[in-house]
1. Do you know which residues across segment 1-28 are polar (S, T, N, Q) and closer than 20 Å to L41 by Cα?
2. May I ask you to verify whether I56 is exposed (fewer than 15 other Cβ atoms within 10 Å of the Cβ) and either modelled with pLDDT under 70 or outside any helix (DSSP H, G or I) (or both)?
3. Tell me which residues, restricted to segment 1-36, are touching a residue at least 40 places away in the same chain (Cβ under 8 Å), part of a helix (DSSP H, G or I) and not hydrophobic (A, V, I, L, M, F, W, C).
Amino acid sequence: MEVLVAIAIGTLTACGIYLMLRARTFPVILGLSLLSYAVNLFIFISGRIRLDAAPIIGQGPYTDPLPQALVLTAIVISFGMTAVLVIMALGAYLTAGHDRIDTEDKPAEDQP
């Protein structure tokens, strides 16, 4: 089970970083979302992988409830930030007419 979760976290992280390195805004937003999913899964798994264990401290093995609460909070925050990034990308697309991420400004004499 641990190997499967580790592969899932690694795959989400690799795909997220790959998409974040693209030159368009939409893949960058998808990459950030995938990276946040990978981090959420990592935090969730840090609370131990136990089947049929109660999330309270008592007799026997237990599952830590703190990572679960952190992941729930992180999901809400990442959803809000994704909405803000989509609105910013849409505004930039409507202003510039394209969605490319250019790091260099064009000289003034080259612009029409």
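The values are calculated or read from the model by the stated rules, or taken from the named source; none is laboratory data. Predicted model only: the values in this text are computed from it and were never measured. All Cβ positions, even for glycine, are placed from backbone atoms using ideal geometry, and neighbour counts span all protein chains on display.
1. T11, T13
2. Details: exposed (fewer than 15 other Cβ atoms within 10 Å of the Cβ): yes; either modelled with pLDDT under 70 or outside any helix (DSSP H, G or I) (or both): yes.
It is true that I56 is exposed (fewer than 15 other Cβ atoms within 10 Å of the Cβ) and either modelled with pLDDT under 70 or outside any helix (DSSP H, G or I) (or both).
3. E2, T25, S33, S36 - these are the residues of segment 1-36 that are touching a residue at least 40 places away in the same chain (Cβ under 8 Å), part of a helix (DSSP H, G or I) and not hydrophobic (A, V, I, L, M, F, W, C).
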